[in-house]
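Structure first, then comments.
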Amino acid sequence: MRTKTTLFTVLLAFTLTSCGSSTCQDDSIAGGAESSRHVVILLDKSASMDYLVDGVLEGFNNLVDQLPDSSYVTLLGFESIYGLDNIFDHVPARDVPDLTISDNTLGDGTPLYDAISGTINQIEIEAITRTSEKILFVIISDGLENSSVRYSLAETRQAIKEKTSNGWDIRFYGLGADAASEAANLGIPIADQSSFAPSQAGVDKVFDDIASSFTQSQTKTKCVRFIP
C-alpha cells in the first residue's frame, strides 16, 4: 500500500509540473474570472466598402454571438467625412445589440492612420481604470491610407509598436492585397495580418478567423504548477 501511495504522489507531481509555458493558459486568456477580454474592432466605412456592407453586418453579429460573456466589445467606424465614429463603446458581449445598416452608414475616403492612432489613444485612456483587461485590437479595411490629416505613418507605426510591446494583440485584416500591404507598412507582425478576398466570402472568413481565436483560447489546457 505504501508503494502505491508513493507512486501516486510522484505521478501527481509530474502531471502538475509537465505543462510548459507554450501550453499553459492563465485565467486572463482562457476566460477566467480574474480578467476579461476587450475586443476593439476598427471598421473601414469608406465608400469602397459599399458592396461588402451586408457581409459586415452579418459577420459582426455572428461574431458577437460567439464571444464569451466575460468579454467586452468596442466597435468604431472610420471614413474621411465624419472621422472616427464610436458605434459601441465597451459594451458587455451579451448586451451588444445587432449591428444594423443605420450604424454602418458609409462615407468617403480612408484616413487609416488617423483612425488607428485615434483608437489607440481612446482605448489607452480608458484602459487606465481597467488594468485587468486583455485587449484584442482588430483593424478591418479594404484599401490604402489616403486621407489622414492628424497622424503620419511613422507616428502610427510607433503607437502600434508600443502597444504590442505592452501586451496588446493587434491584428490587421485586409480585404484585398493593397490593404494587406498597408499592414506591413504599419509594422504589424506577419502572423497578425491576413489578406482576404474583397468579397462576401472574404468578409465571412475575416469574422470566422476572429471568432476562432476565442474558441481556441477556451479549449487550451490550463495547468497548475506544482510547488514542493
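The values are calculated or read from the model by the stated rules, or taken from the named source; none is laboratory data. As the structure is a computational prediction, the values presented were derived from the model and not from experiment. Cβ coordinates were reconstructed from backbone atoms using ideal geometry, including for glycine residues, and neighbour counts include every protein chain displayed.
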- Query: Among all residue pairs at least 6 apart or on different chains, which show Cβ distances below 9 Å where the first residue, located in the range 202-222, is closer than 26 Å to GLY176 by Cα and the second is modelled with pLDDT of 90 or more and of a type in the set (Lys, Arg)?
  - Reply: ASP209/ARG171; ILE210/ARG171; SER213/ARG171; PHE214/ARG37
- Selection over the range 55-88 where residues are within 13 Å of THR119 (Cβ to Cβ) and acidic (Asp, Glu) yields a count of 1
- Contacts under 6 angstrom Cβ, first residue in the range 70-92 being at positive phi, partner buried (at least 21 other Cβ atoms within 10 Å of the Cβ) and assigned to a strand (DSSP E or B), 6 or more apart: HIS90/TYR72; HIS90/THR74
- Message: Give me the residue from the range 157-168 that is in contact with a Leu (Cβ under 9 Å, 6 or more places away or on another chain) and at pLDDT 95 or above and, out of that set, surrounded by the fewest Cβ atoms within 10 Å (Cβ to Cβ).
- Response: ARG157
- Does ILE188 satisfy the condition of being touching a strand residue (DSSP E or B) at 6+ places or on another chain (Cβ under 7 Å), part of a loop (DSSP other than H, G, I, E, B) and hydrophobic (A, V, I, L, M, F, W, C)? yes
- Quick one: is THR119 surrounded by 15 or more Cβ atoms within 10 Å (Cβ to Cβ), out of contact with any helix residue (DSSP H, G or I) (no Cβ under 9 Å at 6 or more places or on another chain) and hydroxyl-bearing (Ser, Thr, Tyr)? yes
- Item | the range 125-153, subset farther than 13 Å from THR74 by Cα and part of a helix (DSSP H, G or I), residue modelled with the highest pLDDT | LEU153
- Item | Test: ILE227 is among the hydrophobic types (A, V, I, L, M, F, W, C) and modelled with pLDDT of 85 or more | no
- For residues that are among the β-branched types (Val, Ile, Thr) and crowded, with 16+ Cβ neighbours inside 10 Å, scanning just the range 40-62, find the one that is farthest from the chain's Cα centre (by Cα). VAL56
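Which is over 19 Å from ALA201 (Cα atoms) and more than 18 Å from the chain's Cα centre (by Cα), of THR110, THR74?
One residue alone meets the criteria, THR110.
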- Might you check whether a residue that is under 15 Å from GLU79 (Cβ atoms), of a type outside the set (S, T, N, Q) and touching a Pro at 6+ places or on another chain (Cβ under 7 Å) occurs anywhere in the range 94-105? no
- Which residue, of ASP85, ASP98, ASP108, is farther than 16 Å from VAL64 by Cα, outside any strand (DSSP E or B) and of a type in the set (Asp, Glu)? ASP108
